[in-house]
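So the structure is just underneath, and the comments pick up after that.
The values are calculated or read from the model by the stated rules, or taken from the named source; none is laboratory data. Keep in mind that this is a model prediction, so the values were computed, not measured. FYI the Cβ positions are ideal-geometry reconstructions off the backbone, even for glycines, and counts take in every protein chain you see. Note: accessible area is taken over every heavy atom of the protein model, side chains too, but ligands, DNA and RNA are not part of it. Shrake-Rupley method; radii C 1.70, N 1.55, O 1.52, S 1.80 Å.
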Amino acid sequence: MKNLLHLILFLAAVTAASCGSTTHEKNEKHRKLQAAIQHKDSLALKIAVTPTLDCLPIFVAASSGIFDQIGVIVSLKEMNAQMDCDEAIREEKVECMVSDLMRTERLKRTGIEMTYLTATGQYWQLIGNRKGRVTTIAQMGDKMVAMTRYSATDYLATLAIDSVKPDNPVFRIQINDVLVRLKMLINNEMDAVMLPEPHATTARLSHHPVMMDSRGRDIRLGVIAARTKVLSNPYRKKQMELFIQAYNMACDSIHDKGLQHYSPVIKTYCHTDDATVKSLPPQTFNHAAQPRQKDIDRTKNVSWRMS
């Protein structure tokens, strides 16, 4: 009996040691894996993107292997709100972001130096709620419009409203998440919204009327920008150059193959559906070029309203 007890104690000790070793090995493997992931992420060019069509060349370059083909590691940080992109830039969690001139020039005024990699073809539409019978800007008195503060949507909504001057005040409601903004229109929770593509197309498919289109006013505010200080790093600077090369290649691919060829990419990254993609109007994706000075000048002396 004594020998049996010793055997049991011995086996228990061996088992415990074995389990302890296994647990230690698993923890060590997990630690090494996390370290490898963090190292790769530190090397990657991190870009804050939103679920909007102006990001399509970036989405195409990532999904079709163009970034890999030219040898640049890119990590896309997907965000639904522009203010989250701003925060990521401020906290240096990303090197670049897709945004608009109103936001980037405002960041500059807070002391964050930004360099433009390219302008984009982004445009916005002011879309009314058909159920609320808001079909013209003149009907917006005492109504609510969803937008994002200190952004192209804020600027454009104000421009549209001031051009008509409704009899009563228009209430600017800050809804930062572009997907929530669309949902509030569809659910009849908002009188009007400012939307980019492809979400403007989704709204139009539900027969909500377009009251203003930024293209009709020759306003081009979409940009891709980087923190200027990262360009002082030769490695990052080379990444930026390769990114622009990949961006141009993706623009060419979209031009050659058409939007519909990249329907799965648009649906995945923009969180939209087949009907929307099939109904998208023709889009032009140009090679990287600096924003127009007259559009940058629009950002000067803007009087932001709080209501």
Given the criteria farther than 30 Å from Glu241 by Cα, modelled with pLDDT of 70 or more and not in a loop (DSSP other than H, G, I, E, B), does Thr15 qualify?
no
Yes or no: Ile127 under 29 Å from Ile224 (Cβ atoms), open to solvent by 20 Å² or more (accessible area, probe 1.4 Å) and aliphatic (A, V, I, L, M)?
no
Within segment 267-307, track down each residue that is under 21 Å from Thr50 (Cα atoms) and assigned to a helix (DSSP H, G or I).
Lys267, Thr268, Tyr269, Cys270, Asp274, Ala275, Thr276, Val277, Lys278, Ser279
Answer from Glu105, Glu87, Glu92, Glu78 - the residue that is over 14 Å from the mean Cα position of the chain (by Cα), of a type outside the set (Gly, Ala, Ser), open to solvent by 50 Å² or more (accessible area, probe 1.4 Å) and at pLDDT 95 or above:
Glu92
Subset of segment 152-175, residues open to solvent by 60 Å² or more (accessible area, probe 1.4 Å) and touching a residue at least 60 places away in the same chain (Cβ under 8 Å), comes to Pro169, Phe171
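Residue by residue, here is whether (1) within 24 Å of Arg181 (Cα to Cα); (2) among the aliphatic types (A, V, I, L, M) holds:
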residue	(1), (2)
His261	no, no
Thr268	yes, no
His271	yes, no
Ala275	yes, yes
Lys278	yes, no
Pro281	yes, no
Asn286	no, no
Ala289	no, yes
Asp297	no, no
In segment 42-58, what count of residues is obtained for those that are farther than 19 Å from Asn176 by Cβ and of a type in the set (S, T, N, Q)?
1
Would segment 109-126 turn up any residue that is in contact with a Phe, Trp or Tyr (Cβ under 6 Å, 6 or more places away or on another chain), not basic (Lys, Arg) and not in a loop (DSSP other than H, G, I, E, B)?
no
Of the conditions (1) open to solvent by 40 Å² or more (accessible area, probe 1.4 Å); (2) assigned to a loop (DSSP other than H, G, I, E, B); (3) of a type in the set (D, E, K, R), Arg149 clears all except one; give me its number.
(1)
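With the requirement that a residue be among the hydroxyl-bearing types (Ser, Thr, Tyr) and touching a His at 6+ places or on another chain (Cβ under 9 Å), what does segment 263-307 give you? Break it down into steps so the answer makes sense when it comes.
Initial filter on segment 263-307 (among the hydroxyl-bearing types (Ser, Thr, Tyr)): 263, 268-269, 272, 276, 279, 284, 299, 303, 307.
Scanning segment 263-307 gives Thr272, Thr276, Thr284.
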Condition check for Lys183: among the basic types (Lys, Arg), at pLDDT 95 or above and open to solvent by 10 Å² or more (accessible area, probe 1.4 Å):
yes
Quickly run through segment 195-237 and pick out the residues that are farther than 19 Å from Glu113 by Cα, open to solvent by 30 Å² or more (accessible area, probe 1.4 Å) and charged (D, E, K, R).
Arg204, Asp213, Arg215, Arg217, Asp218, Arg220
Subset of segment 130-142 (residues that are under 27 Å from Leu101 (Cβ atoms) and surrounded by fewer than 24 Cβ atoms within 10 Å (Cβ to Cβ))
Ile137
Flagged pairs (Cβ under 7 angstrom, 6 or more apart or on separate chains; first in segment 74-87, more than 19 Å from Ala62 (Cβ to Cβ); second open to solvent by less than 50 Å² (accessible area, probe 1.4 Å) and hydroxyl-bearing (Ser, Thr, Tyr)) are Gln82/Thr50; Gln82/Ser99; Gln82/Thr148; Gln82/Ser151; Met83/Thr148
Just to verify a result, which residue in segment 42-64, among those that are in a helix (DSSP H, G or I) and not aliphatic (A, V, I, L, M), is surrounded by the most Cβ atoms within 10 Å (Cβ to Cβ)?
Pro57
Does segment 108-117 contain at least one residue that is surrounded by fewer than 24 Cβ atoms within 10 Å (Cβ to Cβ) and under 15 Å from the mean Cα position of the chain (by Cα)?
no
Identify, please: which residue in segment 269-286 is in contact (Cβ under 8 Å) with a residue 40 or more places away in the chain and open to solvent by 40 Å² or more (accessible area, probe 1.4 Å) and is, among those, farthest from Gln245 (Cα to Cα)?
Ala275
